[in-house]
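Have a look at the structure below before the remarks.
The values are calculated or read from the model by the stated rules, or taken from the named source; none is laboratory data. Nothing here was measured: the structure is a model prediction, and the numbers come from that model. Every residue, glycine among them, receives a Cβ derived from its backbone with ideal geometry; neighbour counts consider all protein chains shown.
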Amino acid sequence: MCRYLFSILAICWVLQVQAQEEPPPPKKVRIDTVHKSYVPTGLRIGTDVLALIRSKDNSFKGWEINFDTDLHRYFVSVDYGYWATNQLLGNGRYTNSGHYLRFGADVNFLLKDPEKNMFFLGMRYGISSFNESVQYSNTAMYSGFGTNSYSRSNGNLSGHWIEITTGLRVKIVSGFWMGCTARLKFAPAVSGFGQLLPYDMPGYGIVEEAPYWGFNYQLFWRLPFKTK
């Protein structure tokens, strides 16, 4: 009887030692691959509706295309557009035309929104390439000399500026978005001009006014990226 009891105790001791030597099972670690992924999930392509509305007026013609893509809470943004003005200035007329490019990034403060709606704050760097001209007339003091006409122009101008941006992007239906962007533009600079001082820079506005406000009302279509 004692021999059997001793054998049972010995077996229990061996099993206990083996259980202590076995490593514990690995702990399950939850990895958040949705909210903290820095892999882009889609590309939004849009346009500025206000630029199209303004183009119905003879004093302005232009358009703008907008792109952005997400990197978690950060959105890389690129804008490209065309801008041409035709304005009466006192006894003359001013015209210009050119293209502009803006690029930068936005920070989204709506982190827990699964639809990726945005309330954002960001920055842009803008560059512009354009030409401009002004024609004006000068009536002599004595009527016998008549009216003289003059013209000045600048060709192949290049400029740049900086913007602070804020606004909203809201999903309306699947794939379709609407948004608005307010821009505080500052530090404009233009190079390549002659006797005519630059007046209106495409993408920025009146060069002598700094800071200068801008506003866009945009429509977007989002193209999702395929993921495994």
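If you scan region 78-115, which residues turn out to be surrounded by 14 or more Cβ atoms within 10 Å (Cβ to Cβ), within 21 Å of the chain's Cα centre (by Cα) and either free of Cβ contacts under 8 Å to residues at least 24 places away in the same chain or closer than 22 Å to ASP57 by Cβ (or both)? Hits for region 78-115 are ASP79, TYR80, GLY81, TYR82, TRP83, GLY98, HIS99, TYR100, LEU110.
Out of all the residues in region 180-228, which are aliphatic (A, V, I, L, M), in contact with a Pro (Cβ under 7 Å, 6 or more places away or on another chain) and either at pLDDT 95 or above or closer than 20 Å to ALA105 by Cα (or both)? I'd like the intermediate steps shown before the answer.
First pass over region 180-228, keeping only residues aliphatic (A, V, I, L, M): 182, 184, 187, 189-190, 196-197, 201, 206-207, 210, 219, 223.
Now narrow it down to the ones that are in contact with a Pro (Cβ under 7 Å, 6 or more places away or on another chain): 184, 190, 201, 207, 210.
Within region 180-228, LEU184, VAL190, MET201, VAL207 qualify.
For region 49-71, filtered to residues that are assigned to a loop (DSSP other than H, G, I, E, B) and at pLDDT 90 or above, the residue that is surrounded by the most Cβ atoms within 10 Å (Cβ to Cβ) is SER55. Does at least one position in region 144-159 carry a residue that is modelled with pLDDT under 95, out of contact with any Lys or Arg (no Cβ under 8 Å at 6 or more places or on another chain), among the basic types (Lys, Arg) and assigned to a strand (DSSP E or B)? Yes, region 144-159 contains a residue that is modelled with pLDDT under 95, out of contact with any Lys or Arg (no Cβ under 8 Å at 6 or more places or on another chain), among the basic types (Lys, Arg) and assigned to a strand (DSSP E or B).
Taking GLY179, is it touching a Phe, Trp or Tyr at 6+ places or on another chain (Cβ under 8 Å) and surrounded by 12 or more Cβ atoms within 10 Å (Cβ to Cβ)? The answer is yes for GLY179.
Okay, residues lined up against (1) farther than 26 Å from PHE75 by Cα; (2) without any contact (Cβ under 8 Å) to a residue 40 or more places away in the chain:
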{"site": "SER128", "(1), (2)": "no, no"}
{"site": "ASN131", "(1), (2)": "yes, yes"}
{"site": "THR147", "(1), (2)": "yes, yes"}
{"site": "SER151", "(1), (2)": "yes, yes"}
{"site": "PHE186", "(1), (2)": "no, yes"}
{"site": "SER191", "(1), (2)": "yes, yes"}
{"site": "TYR199", "(1), (2)": "yes, no"}
{"site": "ILE206", "(1), (2)": "yes, yes"}
{"site": "LEU219", "(1), (2)": "no, no"}
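The residue that is nearest to SER77 (Cα to Cα), among those in region 163-184 that are part of a strand (DSSP E or B) and without any contact (Cβ under 8 Å) to a residue 40 or more places away in the chain, is THR181.
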